[in-house]
Amino acid sequence: MLRSDFERGTTRWAVRRSQWFAMGLKEEDFLKPKIAVVNSSSTLSVCYIHLDEVSRMVQEAIRKAGGLPFEIRTAAPSDFVTSAALKARYILPSRDLVVNDIEVMVEGACLDGMVLLSSCDKTTPAHLMAAGRLNIPSIVLPCGYQLGGHCGSQEVDIEEVYKAVGTVCTGAMKVEELEDWTRVAIQGPGVCAGLATANSMHILAEALGMALPGTTPVRAGSDQLFQNARRVGERIVAMIEEQLLPRQILTPAAFRNAVAVAVAIGASVNTVRHLAATATESGLDLDITSLFEDIGTTAVQIARIKPNGPDRIEAFEAAGGTRAAMKQLEKSLRLDAVNVTGKTLGEILEEPVKIDDSIIRPAARPFRPEPGLIILRGNLAPDGAIVKLSAVPGDLRHFAGPARIFEDEDQAISELRAGTIRPGDVVVLRMMGPVGGPGTVFACSFMAALVGAGLGDFVAVVTDGELSGLNRGITIGQVMPEAAAGGPLAVVAEGESIRIDLDNRRIDLQVSELEIARRLSEWRLPERHLKPGWLAIYAQVVQPISQGAVLGNRKDANTGNDQGTYH
């Protein structure tokens, strides 16, 4: 018996029948598997404008397979649109808002399964988290990337536009030229055309086993995407019959496989927090940061997709995509991990896949003999920090310089424009993490401006704020614990030397351990006065970033007591 089939004669049974008759449903449909098609369609962002058509195809396939689909709408956060207010503080909290949207609508209605139409940066992790939390048959359907365009002979995509803002700031590019680029940078629907967070999380959804094999990456609006939609609609009905549940798929082996893929392709730094959040919501006690650290000791880089190199995301798809990458990494993967087909990864990788090894190289012949992502530790990041090594320029391995402290990205950009940030500086952007924001504050615009200003190779950035998967340069992100949670980043003083050692994977403030401990014992989180609303609620319940910044009861960094309400 399906959990959505209520006892005849009960209130739940009677009122639901009344609603469904009024909606034109037939009585013979009432006993079919009832399946949520979770759709974040929105006309506010190009990431989502194509999802209604995808949703219709999924629903049609569900009906043909013997299920009863119901479309469920959620918030639709877009990093380049929803970031406009409050320095992007709404971006990370929007992920958890989507998780709770899904819980309310799907769990509240006792539906039997979910198809999750994943698009921009926060929806894929939110969908994985919701699947782990609700633990009903679920499939993630990644809904594709956008294409870039041309301005004259110049290839232009959203990454180029992003970097060009810094070039304009320095006067090396006219704003009118950038204006022309914006007219052609995005050609069609879908997510950013590079290995930023959205495409990274699409790929990792497949690597985890929660998306059908061979469905990532995919161009939005393509025949392949629509074919994937039909396959997913058919498969979810079978999963409900089999009672194949997310927690049977989201196992430690699956997370190990996802991390192995992430470090080998140079995925977004934000994948660390999102995988940690998914593990937490799936009831697993996994240290994802340590997993990245462990796998990174022997991993190599097998792809160089922008911003990590010259190849485009469509080339990665044509080269065989995620299945090809996993085939090239086969010897280092846990082949007994099960995916949404019900098969093991080993069985999937036995199926033929055509690989262009000029784009996705075998592990024995990598582009670089080191991973695309690494974890740094040290007295400035005792719980770890993340570097997208594949996006660090040249052979730079060591960097040391005086700290330039900012708790406001606009101020840092103003100093950059004024020429007071110089080669050799280490720019610290702090109080920008989930607690500090509250909600992570954009630090990525400064990094993009720095690269555009020609200083990306000469100035390091250390932050607990929000980075983009499109960022490149000497960027140390997701410093843990964050400053507002009492991390050492909070007590770095202007001008003090910070040393970054990528070979030994260290980041250290050149101050004694005793002095850091003394400062932290005296440090207090500044009093804040937040307006009532979602961010004030989020500030009270967000967990440490090392746990993925999921929601729960958070202890005060100084007292250990549960935090009260901000006024």
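The values are calculated or read from the model by the stated rules, or taken from the named source; none is laboratory data. Worth saying up front: this structure is predicted, and the values here are computed from it rather than measured. Heads up, the Cβs are rebuilt from the backbone with ideal geometry, glycines too, and the neighbour counts pull from every protein chain shown. To get the accessible areas, we keep the full protein, side chains included, count just its heavy atoms, and leave off ligands, DNA and RNA. Shrake-Rupley method; radii C 1.70, N 1.55, O 1.52, S 1.80 Å.
Applying the condition of being over 25 Å from Thr289 (Cα atoms), in contact with a helix residue (DSSP H, G or I) (Cβ under 7 Å, 6 or more places away or on another chain) and not in a strand (DSSP E or B) to the stretch 378-418 and asking which residue is modelled with the highest pLDDT yields Ala412.
Being under 24 Å from Ala126 (Cα atoms) and either touching a residue at least 60 places away in the same chain (Cβ under 8 Å) or more than 24 Å from the chain's Cα centre (by Cα) (or both) is true of Asn339. The residue of the stretch 328-356 that is most open to solvent (accessible area, probe 1.4 Å), among those that are closer than 13 Å to Gln248 by Cβ and touching a Gly at 6+ places or on another chain (Cβ under 8 Å), is Asp336.
A quick yes/no check of all residues on (1) open to solvent by 20 Å² or more (accessible area, probe 1.4 Å); (2) within 20 Å of the chain's Cα centre (by Cα):
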position	(1), (2)
Ser4	no, no
Thr10	yes, no
Met23	yes, no
Lys26	yes, no
Ile35	no, no
Arg56	yes, no
Glu60	yes, no
Ile72	no, no
Val81	yes, yes
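Taken over the stretch 256-286, the criterion of being free of Cβ contacts under 8 Å to residues at least 40 places away in the same chain and either out of contact with any Pro (no Cβ under 7 Å at 6 or more places or on another chain) or buried (at least 24 other Cβ atoms within 10 Å of the Cβ) (or both) is satisfied by Val259, Asp285.
The numbered conditions (1) in contact with a Pro (Cβ under 8 Å, 6 or more places away or on another chain); (2) open to solvent by 10 Å² or more (accessible area, probe 1.4 Å); (3) not small (Gly, Ala, Ser) are all true for Cys120 except (2).
When you go through (1) at pLDDT 95 or above; (2) under 25 Å from Val491 (Cα atoms); (3) open to solvent by 60 Å² or more (accessible area, probe 1.4 Å) one by one for Ala364, which number turns out not to apply? Result: Ala364 fails condition (2) only.
The residue that is most open to solvent (accessible area, probe 1.4 Å), counting only those in the stretch 514-549 that are under 21 Å from Thr289 (Cβ atoms) and either out of contact with any strand residue (DSSP E or B) (no Cβ under 8 Å at 6 or more places or on another chain) or of a type in the set (S, T, N, Q) (or both), is Gln547.
Table: residues versus (1) open to solvent by less than 10 Å² (accessible area, probe 1.4 Å); (2) among the hydrophobic types (A, V, I, L, M, F, W, C).
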site	(1), (2)
Pro371	yes, no
Ile375	yes, yes
Phe399	no, yes
Ala403	yes, yes
Glu409	no, no
Ala418	no, yes
Val427	yes, yes
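The set of residues in the stretch 17-35 that are closer than 19 Å to Val106 by Cβ, in a helix (DSSP H, G or I) and touching a residue at least 12 places away in the same chain (Cβ under 8 Å) contains only Asp29.
Within the stretch 503-512, restricting attention to residues that are out of contact with any Leu (no Cβ under 7 Å at 6 or more places or on another chain) and touching a residue at least 12 places away in the same chain (Cβ under 8 Å), the residue that is least open to solvent (accessible area, probe 1.4 Å) is Val511.
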